[in-house]
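None of the figures in this text is laboratory data; all of them are computed from the coordinates on show. This is a predicted model, so every value here is computed, not measured. Methodologically, a virtual Cβ is constructed for each residue, glycine included, from the backbone with ideal geometry; neighbour enumeration extends over all protein chains shown.
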Amino acid sequence: MRNFLILFFLLLTLPLAKAEEVYGSELEGFKYPWPELRFHFTSQRQSVQMAYLDLKPEKPNGRTAVLLHGKNFCSATWEGTMRFLQQQGYRVIAPDQIGFCKSSRPSAYQYSFHQLAHNTKALLDSLGINKVTVIGHSTGGMLATRFALLFADRVEQLVMVNPIGLEDWKAEGVPALSVDEWYARERNVTATMIRNYERSTYYVNEWRPEYETWVQMLAGMYRGPGGLTVAWHSALLYDMIFTQPVLYEFPNLRVPTLLLIGEKDNTAIGKDLAAPEVKSRLGNYPVLARRTAAAIPGASLRLFPELGHAPQMQDPERFHRVLIEGLNHRSP
């Protein structure tokens, strides 16, 4: 009885474990910092909707920034940068791309960076926005590059924040997976896997409580009733990222370009599948950053030596200071 009472007391004094969040396949149940708007349109013979955030400044500077999220991110993960740019006078548009977050995951869709760029242009057209500053992070950097290549006349400035795709992983020796193989991997995704990956890659083995929100945002969709749908579209998107490199076209960019790079980043899609000798040379961002800046005509490069894949989240104050300096001093 004495042991039982001791155990009972200990259980009472332990903090209650928070129930794991469960979200829908379009992130139903997860609250964004502002009400999301919806752009309804037809794409590939299907009616789809693109969720987006639209912040208008109190004192407009006449410029619009379009923020493009990465593979494991959503428009809401840009919250700090959106608030900052709004305060600087920018109108800020942040969409969830088709296949991501609160936007449609169509039953059948051919994903390509061309398609996502055209979808983004259609959203801007619907809002009557012509000229934009495009800011892309991670996979969003690949999309921002494609957008700038397709619609150079619409782009005042291109900003890439730790973009991926700065090397061709398949050409470097990473085994190419089928969509079915990507799907098998995605079906096993857990919060622990997401957290461990983000801790080591995004935040250089640092962790703060606010990062957990974004872990649960992703994990909650995989845990939800539409988890298999989320896993399938994630597989399709990984195939897009792996098979559609943009680095070969960097020399064709003809817009003012700013690269903001955390040098502790080591992102490389499929790196865990590669042979040791291949793995060791992938995701070398100090080298990739400088090589990319040299390939893009007139590009400016700003480095964060101690930061990882998400400098805008790891050290937002410093990141925003460097960002606005680059935006205010863009080349003509």
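On a per residue basis, the convex hull of the C-alpha atoms belonging to region 84-200 measures out at 162 Å³. For region 144-195 and region 32-48, what is the separation of their Cα centres, given in Å? When both Cα centres are located, 22 Å separates them.
If you put +1 on each Lys and Arg Cβ and -1 on each Asp and Glu Cβ, how big is the dipole of region 79-145 around its Cα centre, in Debye rounded to 20? The partial results should precede the final answer.
On the way: 6 positive and 3 negative charges, 14 e Å.
Its charge dipole is roughly 60 debye.
Quick check: from the Cα gyration tensor, does region 151-247 come out rounded (a/c under 1.5), prolate or oblate? Since a/c reaches 1.5 but b/c is at least a/b, the shape of region 151-247 is classed as oblate. The relative contact order of the chain, computed from alpha carbon pairs under 8 Å that lie at least 6 residues apart in sequence, is 18 percent. Charge tally around residue 47: other residues with Cβ under 15 Å, Lys/Arg +1 each, Asp/Glu -1 each, net +2.
By per-residue mean of other Cβ atoms within 10 Å, what is the highest-first order of 93-99, 253-259?
Working: 93-99: 25.1, 253-259: 22.3.
Answer by packing, highest mean first, reads 93-99, 253-259.
In plain terms, the C-alpha convex hull of the chain casts an average shadow of 19.5 nm² when viewed from every direction.
So for 327, 143, fewest C-beta neighbours within 10 Å to most, what's the order?
Values: 327 21, 143 28.
Fewest-to-most ranking of 327, 143: 327, 143.
In what order do 91, 281 fall by count of nearby beta-carbon atoms within 10 Å, going from fewest to most?
On the way: 91 20, 281 13.
Lowest to highest Cβ neighbour count: 281, 91.
Helix-only arithmetic for the chain: the sum of -39500 (n - 2.57) across DSSP H runs with n ≥ 4, divided by the residue total, places the mean residue ellipticity at 222 nm at -11500 deg cm²/dmol.
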